[in-house]
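Just so it is clear, none of the values below were taken in a lab; they were calculated from the coordinates. None of the values given here were measured: they were computed from a predicted structure. In this analysis, Cβ positions are derived from the backbone assuming ideal geometry, glycine residues included, and neighbour counts consider all displayed protein chains.
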Amino acid sequence: TERVRGIQIHRPIIYGNSAVLLTANERATVAADHTHRWTLGVRSAASVEGRAEQVGGAEDMSYFIKRVTFKLHDTYPNPNRVVDKPPFEVTESGWGEFSVQIQITFIPEAQEKPVRLNHYIRIHQWHLPEPFWDPDSGLPKPAAPTPLPQQDSVHAWQYDEIVFTDPPQAFFDILRQH
Ligand code: SLL
């Protein structure tokens, strides 16, 4: 269909992962070397105010997203995970951090190429940098481990916006209704 010229429509998203350490009981149910469970996904960052359709508290993006593909590390069976309905997420267990390729495919009305994102799955906590000098004396400090508060989960999410420029009229109508 004809495109609506001079228009840009933005859809805010967050993508990334959360991870938790497996409990002893959970460890008994997965591969022996797996230490963490993580959830990887693409979610709406739109305000849920006034929205009837909600998935896990966030806007359901299936009115414009047809599918999300997550390409996991080759150590996973069937590393290409295809999710064609919300929530656009994958939950797995594992032992390591790695880079994931995320591909977002839009509904046909969008007449847009898929968007590709990259995310590095985090399962370990951030470590505070060692203080390099003593703030009081100004003298170099011998390295000492910085105690960290025990944290039970790790979150690595990024904000982004999907931008549709000059959307086809039919797609514009769909976006406008949401
Ligand atoms: C590393 N470059 O060496 C990374 C690779 C791979 C993570 C991490 C287990 C999959 C499975 C898994 O956690 N792979 O065996 O089911 O740290």
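A few remarks follow.
- Modelled spin labels at TYR76 and GLU161, positioned 7 Å past Cα toward Cβ, are 3.0 nm from each other.
- Förster radius 30 Å - calculated FRET efficiency between VAL20 and SER99, Cβ distance, rounded to 0.05: 0.90
- Size of electric dipole in the chain: Cβ of Lys, Arg +1 and of Asp, Glu -1, about Cα centre, debye, nearest 20: 420
- Whole-number percent relative contact order across the chain, with pairs defined as alpha carbons under 8 Å at least 6 apart: 33
- Inter-label distance for PHE132 and ARG116, nm, one decimal - labels placed 7 Å from Cα along Cα-to-Cβ: 3.7
- For the chain, diffusion coefficient by Stokes-Einstein and Kirkwood Rh (Cα), 37 °C, 0.692 mPa s, µm²/s: 173
- Positive dipole terminus of the chain, leading residue within ASN17, VAL82, THR29 (C-beta point charges): VAL82
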